[in-house]
1. Taking interchain pairs and intrachain pairs at least six residues apart, which have beta carbon atoms under 6 angstrom, with the first residue in segment 176-195 and closer than 14 Å to residue 310 by Cβ and the second surrounded by fewer than 17 Cβ atoms within 10 Å (Cβ to Cβ)?
2. Which strands (runs of 3 or more DSSP E) sit wholly inside segment 316-405 and have at least 3 residues that are over 30 Å from residue 253 (Cα atoms)?
3. Are there any pairs, at least 6 apart or on different chains, whose C-beta atoms fall under 7 Å, with the first in segment 380-393 and of a type in the set (Ser, Thr, Tyr) and the second part of a strand (DSSP E or B), and if so, which?
4. Against the condition among the acidic types (Asp, Glu), assigned to a loop (DSSP other than H, G, I, E, B), within 30 Å of residue 355 (Cα to Cα) and modelled with pLDDT under 85, how does residue 50 come out, does it pass?
5. Of all the strands (runs of 3 or more DSSP E) wholly in segment 212-281, which have at least 2 residues that are more than 29 Å from residue 324 (Cα to Cα) and at pLDDT 85 or above?
6. If a residue has to be without any contact (Cβ under 8 Å) to a residue 24 or more places away in the chain and either farther than 16 Å from residue 61 by Cβ or surrounded by 15 or more Cβ atoms within 10 Å (Cβ to Cβ) (or both) to count, how many in segment 364-378 make the cut?
7. With over 30 Å from residue 275 (Cα atoms), of a type in the set (D, E, K, R) and either part of a helix (DSSP H, G or I) or modelled with pLDDT of 85 or more (or both) as the only criterion, which of 181, 209 stands out?
8. Which condition does residue 306 not pass, out of (1) at pLDDT 85 or above; (2) farther than 26 Å from residue 74 by Cα, if it passes all the others?
Amino acid sequence: MKIHVYLMAVTLLGCAPPKKPAAHSTPPATVMQVSKEMELASVRLTEQAEKRLGVSLVAVKRQAVTSRRPYPGIVVVPPQNLTTLTAPITGTVCVLGSSSPTVGSRVDQGEPLFSLTPLLVENYAVGPSQQLSMQASRLSFKQSEDAIRTRINNARVEVEASQIDLRRAEQLFQEQVGSRKRVDDARARWQLAQEVLDSARRELNTVTKFTLQPAVPSVESVSVVAPLSGTISRVTVANGQAVTAGQPLLDLMNLDRLWLRVRIPQAEADEIERGQPATVKLRGRTLQAEPVRGAPTGDQLTSSLDLYFLAQNSALNPDQRVEVSLPLQGSGQHLVLPTTSVLYDIYGGAWVYVRKTPHQFQRQRVAVDFTTENGQAVLSQGPKPGVTVVEHGAAELFGIEFGND
């Protein structure tokens, strides 16, 4: 009897209705189904979920953007910053100072480097070969002086022609007929011609200062000073060495301002915005380089040409290879937003999440034209200016939309 009662109790207990589970709280994220075929699904977050995902917003802007393209460049020394110091007379070299000039040391303009003790002809037995050598030295010195004078005349003509061209370009620009680019090109040509003329005049002053000396040298030593401030790149004489007039003593280069030679394909030459500064990436920082007119050089085998830019030297060395970004044609007003707002699917399509209402976001396709160095994405197609999009947290919304949360 007891066994039947126990079995009846167990049977009644198993037939009891199950307890209802407790109701769930509001889900942190909800994917809302599309109502139209051409629309994409939108994601709605709770305020707490949005904070937990770190979602931040930014507005799409329309602003002026300069498009750039990187090219390889090499650092070169401008021609006007190179000079060779020669012996003004035949004599014996005596180093001035505590030590001899060495390669890599810096000298200032006007700093005495050597003194030359003249060799008096009457105190030595000069044979026919020595006489011929001295005559050849005088002839070479005279030819150098004539060549410098020819350079001065050519440079003077170039300066006058460039001045006429500059005045004409400025007049046409004031009359709104010419372009600013032509004025800049004419001014750069005039400046380059003036620098060449000044350099030739300095060389002539150095040469004529010693050619006006009497034919028979005096016993007084002649001091040789640095014609410009710079770094010694080569030394060809030693203390106590006998040299002839016009013989090279050392080479100087001024490294305060250097040129960047950028080689570009001729097919892309029309895409470059001439007259605009270039940027140089160097060890985590960016330098500005102004365009200058250099020698018309290039490479016929690769169908390329060279552009030159002037950079104030802070950490550049001759023959150093750097990356130079050049401005391109077509720069103007573009849609801009941070690159962190853009995400890409497996097919390479670019998307952003647009805020439709507070805590509700919808994915929208965009077309990225290019990205800038400061982390901005330039759009050729996208939301209108002022539309709010997700800056941080787009990848998390993408995962929620496709069920990867």
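1. 184/275; 188/293; 192/293; 195/80
2. Hits in segment 316-405: 332-338, 350-357, 360-371, 376-381, 388-392.
3. The qualifying pairs are 380/367; 380/369; 388/57; 388/59; 388/355.
4. When the stated conditions are applied, residue 50 does not pass them.
5. By residue number, 230-235, 248-253.
6. Residues flagged as without any contact (Cβ under 8 Å) to a residue 24 or more places away in the chain and either farther than 16 Å from residue 61 by Cβ or surrounded by 15 or more Cβ atoms within 10 Å (Cβ to Cβ) (or both) within segment 364-378 amount to 2.
7. 209
8. Condition (2) is where residue 306 drops out.
The values are calculated or read from the model by the stated rules, or taken from the named source; none is laboratory data. Bear in mind that the values here come from a model prediction, so they are computed numbers and not experimental data. For neighbour counting, all protein chains shown are included, and Cβ atoms are generated from backbone atoms with ideal geometry for every residue, glycine included.
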